[in-house]
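Since the structure comes first, as structure tokens, the remarks are kept for the end.
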Amino acid sequence: MSIASSFSPVDPHHIGHNNLALGAEGAATGHGEGGPAPKSVIVPYGFWIFLLSDIVMFSAFFASYQVVAGNAIDAAPRFDLSNLAAETGCLLLSSFLCGIASLCANRRRLFGTEIFLLLTGILGAVFLTLEIREFVGLIQQHQGPADGAYYSAFFALVGCHGLHVTVGLLWLGTMMAQIFAKGFRQDMLRRLTCFSLFWHALDIVWVAIFSLVYLMRFTP
Amino acid sequence: MSQQGIEAERAGDVAPGLELQGREDTSRGLRSYLIGFVLAAGLTAASFWAIRTHAIYGPGVSVALVTLAIAQMGIHLVFFLHITTGPDNTNNVLALVFGVLIVFLVVFGSLWIMTNLNHNMIPTKMLMDMQR
């Protein structure tokens, strides 16, 4: 036993290393007593940092939207509340089913994983269709991105989210094919974890969009 | 955690929470997702209700919307993204806290500065009169 471990036998700073390997000492300095964290912890952590930086980018779009919306003299577009409710429901259910898919993957159930991923993708595609239909409607009413400061900010923010959903759908299709072709290898499971993080994070951004951008226009 | 999971963890290729799960773990996970889904759906419904009802004092509706949105984001983080206060989550929480700080600075900093600039600007009408 080293000197350090005499006063801090197990996980002294609660950083999660060495919860299991009691008494085992890592040879590498700076890696904690349990050795370096496993790849399946490090990869989602790195992806989590990417997601947070993505959310910071969204916050810049939010800030510009809020500034413009507070000062713009453009007439507010007439948002369709039932369309908004359908979009929100689709994305929330899609996020939920993505979680179920990851549960299936943890049990190594190929059929369940693929089915729930497919349902996730279908609901995501329905969301995207509804959003594009709304955008087309707005552009036809001359409320497109080039028709005023308010609409520019609105389309930049909501369109950026829609773009993320599109990329997510492409990733989802790739995931389904890869899991089907390569099975539940460790790297596939890591990718699936990252994908579900991405999909849930997109839902968080949508929560901010539907309440702060859409519903805010309906406040008395 | 199963014995198999512990061995796999020592081999360095599986993380806690990601090991091959048994029936119990799956039902616990399913329950967590279901609770999260019901709570998130309830908060979404509450947001849609808040803009129709007259039960909330008019100018307070926007505050209610912001509160409900923040609550729902918290629900998503806990039940869907599994951000907890557990020791294995310290790094994730620290990154999240830093991210929230930056988001707060960007959004409220922009609003603050732009409002201030707006106050100090010549009103548009006066500007147009000067250009005449």
Across peptide A:183-189, what mean number of C-beta atoms from other chains lies inside 10 Å of a residue's C-beta? 1
Rg/Rg_ref, region B:25-82, where Rg_ref = 2.2 N^0.38 Å and atoms are Cα: 1.34
Need one number for region A:104-220: average projected area of the convex hull over its C-alpha atoms, nm². 8.4
In square nanometres, what is the average projected area of the Cα convex hull of region B:60-132? 7.6
Interface burial for A against B (accessible surface, 1.4 Å probe, total of both chains, Å², rounded to 100): 4700
Just the accessible area for B:His119, please: 1.4 Å probe, Å², rounded to the nearest 10? 140
I'd like the chymotrypsin sites (Phe, Trp or Tyr not before Pro) in region B:48-132 restricted to DSSP loop residues with at most 12 other Cβ atoms within 10 Å, sorted by number. B:Tyr57
Determine the equivalent ellipsoid of region A:131-177 by diagonalising the alpha-carbon gyration tensor, then write out the semi-axes as square roots of 5 times the eigenvalues, largest first, rounded to whole Å. 28, 11, 5
Taking a ≥ b ≥ c as the square roots of the Cα gyration tensor eigenvalues, with a/c under 1.5 meaning rounded and otherwise prolate when a/b beats b/c, else oblate, which class fits region A:32-147? oblate
Based on alpha-carbon centroids, what's the gap between region A:136-209 and region A:43-110 in Å, whole number please? 8
Report the far tail of the P(r) of region A:90-161, meaning the percent of Cα-Cα pairs longer than 17 Å. 55
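The values are calculated or read from the model by the stated rules, or taken from the named source; none is laboratory data. This structure is a prediction, so every number in the text was calculated from the model and none was measured. Virtual Cβ from ideal backbone geometry, glycine too; neighbours counted across all protein chains shown. Heads up: the accessible areas ignore ligands, DNA and RNA and are worked out on the full protein's heavy atoms, side chains in. Shrake-Rupley method; radii C 1.70, N 1.55, O 1.52, S 1.80 Å.
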